[in-house]
1. Working only within the stretch 258-308, note down all residues that are surrounded by fewer than 19 Cβ atoms within 10 Å (Cβ to Cβ) and within 16 Å of ligand 2 (Cβ to nearest atom).
2. Which one of the conditions (1) surrounded by 14 or more Cβ atoms within 10 Å (Cβ to Cβ); (2) over 18 Å from the mean Cα position of the chain (by Cα) does ALA180 fail to meet, given that it meets all the rest?
3. Looking at LEU236, LEU256 in this structure, which one is modelled with pLDDT of 95 or more and closer than 23 Å to PRO128 by Cα?
4. From (1) in a helix (DSSP H, G or I); (2) among the hydroxyl-bearing types (Ser, Thr, Tyr); (3) surrounded by 15 or more Cβ atoms within 10 Å (Cβ to Cβ), pick out the condition that doesn't hold for THR56.
5. Please tell me if GLY317 is over 16 Å from the mean Cα position of the chain (by Cα) and surrounded by fewer than 16 Cβ atoms within 10 Å (Cβ to Cβ).
6. Find the strands (runs of 3 or more DSSP E) located wholly in the stretch 70-185 whose residues include 1 or more that are away from ligand 1 (no atom under 16 Å from the Cβ) and without any contact (Cβ under 8 Å) to a residue 40 or more places away in the chain, and list them.
7. Kindly provide the set of residues from the stretch 2-45 that are buried (at least 16 other Cβ atoms within 10 Å of the Cβ) and more than 16 Å from ligand 2 (Cβ to nearest atom), ordered by number.
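The values are calculated or read from the model by the stated rules, or taken from the named source; none is laboratory data. Only a predicted model underlies this, so the values are computations on that prediction, with no experimental measurement involved. Cβ placement follows ideal geometry from the backbone for every residue including glycine, while neighbour counts extend to all protein chains displayed.
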Amino acid sequence: MLILTIETSCDETAAAVVRDGRLVLSSVISSQVATHAEYGGVVPEIASRKHLEMITPVVRQALDEAGVMLAEIEGIAVTRGPGLLGALLVGVSMAKSLALACRIPLVGVHHIEGHLLAGFLEQPVLFPFLALVVSGGHTHLYRVDGIGRYRILGRTIDDAVGEAYDKTATLLGLGYPGGALIDKLAQQGSPTAVKFPRPLLHDKTLNFSFSGLKTAVLTHLKKQSHTPEGAELHDLCASFQAAVCEVLVKKTEAALKQEGLQRLVVGGGVACNSGLRHAMQQLATRLKIELQIPPPVLCGDNAAMLAVAGDAYLTAGCLDDLAMDAIATWPL
Ligand code: KG4
Ligand code: ZN
């Protein structure tokens with residue numbers, strides 16, 4: 001089946017053409033990051049307007065790059081939620097318009113379902129597996145027994161890990177979104193230079209908490225009489241990253257053991273993080289389990305990732321009709 005996928009849940013307008021839920025023929029991502037950077041975060045109203053501006057050219061480019069015509073598309077999968085309502089509505093409206101005008105079957109997909117199945121585009125993953133989804137809005141551990149069969153094992157009780165990276169970057173004067181920049185600076189610093197807390201590390205649940213870590217950075221900065229730069233900044237970033245990675249690894253290990261799982265998939269924007277990728281690789285080697293982390297381009301928000309679940313639902317005839325609405329808060 002040849003499907004068109006559309007993603008507009010936050011600040012990336014994305015469309016892709018994927019064959020059989022596996023072969024990515026095109027994947028176009030138009031990022032609004034530069035626009036929102038001057039406000040220090042995503043401004044929902046601006047995000048919706050930018051999506052409106054970009055959705056048609058992005059969909060057209062995805063079709064052109066794949067070398068297919070709209071008439072050849074056999075199904076459409078769109079992010080239905082969760083996300084910014086106004087942003088989601090742009091993608092959902094585009095998907096419904098195309099479905100109506102061209103009589104193409106339509107299905108709405110959960111954004112997190114996209115992230116946790118993105119790895120299937122690269123190589124087949126066997127069920128069951130543990131999925132750690134780490135992004136700007138989510139820090140969730142799921143047991144995945146099949147497409148549509150997800151059980152939440154743990155989640156953040158406050159900030160998502162990407163949010164903690166971005167807020168910490170703002171505190172350090174690195175701009176928004178600063179996750180990737182902290183990662184880069186951390187590579188030149190010492191992870192043991194500053195002893196930051198490991199929130200909920202010894203807690204019996206599989207939940208996470210990251211807001212205290214950001215506050216610990218703020219407290220540390222207040223104690224200093226100057227803004228950190230050079231080696232001091234590198235050390236601060238490395239120490240922050242070490243705290244984040246230790247908690248993520250420890251909880252992931254506990255979840256794998258609790259569920260008796262032998263496979264681990266990591267997804268979401270923070271899965272681009274070099275420290276986390278390395279730490280998860282070490283964990284996999286130590287526990288002798290299979291690890292799959294998609295390439296960075298499939299970790300951040302993109303439309304191709306929707307094709308795995310989208311294709312499966314469309315093939316099974318689990319369709320949505322034109323009454324489908326966008327859902328801002330939608331548990332998986
Ligand atoms: O999945 P994503 O693109 O969007 C959401 O669904 O939220 O994730 C974006 C998040 C941002 O918080 C960004 O700072 C973070 O992923 N991020 C990183 C890195 N690259 C992106 N965080 C840490 N290290 C990175 N290399
Ligand atoms: Zn995302």
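1. Result: PRO295, PRO296, VAL297.
2. Every listed condition holds for ALA180 apart from (2).
3. The conditions single out LEU256.
4. (3)
5. When the stated conditions are applied, GLY317 passes them.
6. Working: elements: 75-81, 106-110, 129-134, 139-146, 149-155.
The strands (runs of 3 or more DSSP E) meeting that bar are 139-146, 149-155.
7. Passing the criteria: LEU2, ILE3, LEU4, VAL17, VAL18, ARG19, GLY21, VAL24, LEU25, SER26, VAL28, VAL43.
Yes or no, residue by residue, for (1) at pLDDT below 95; (2) assigned to a loop (DSSP other than H, G, I, E, B):
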position	(1), (2)
CYS10	no, yes
THR13	no, no
VAL17	no, no
SER27	no, no
SER30	no, no
GLY41	yes, yes
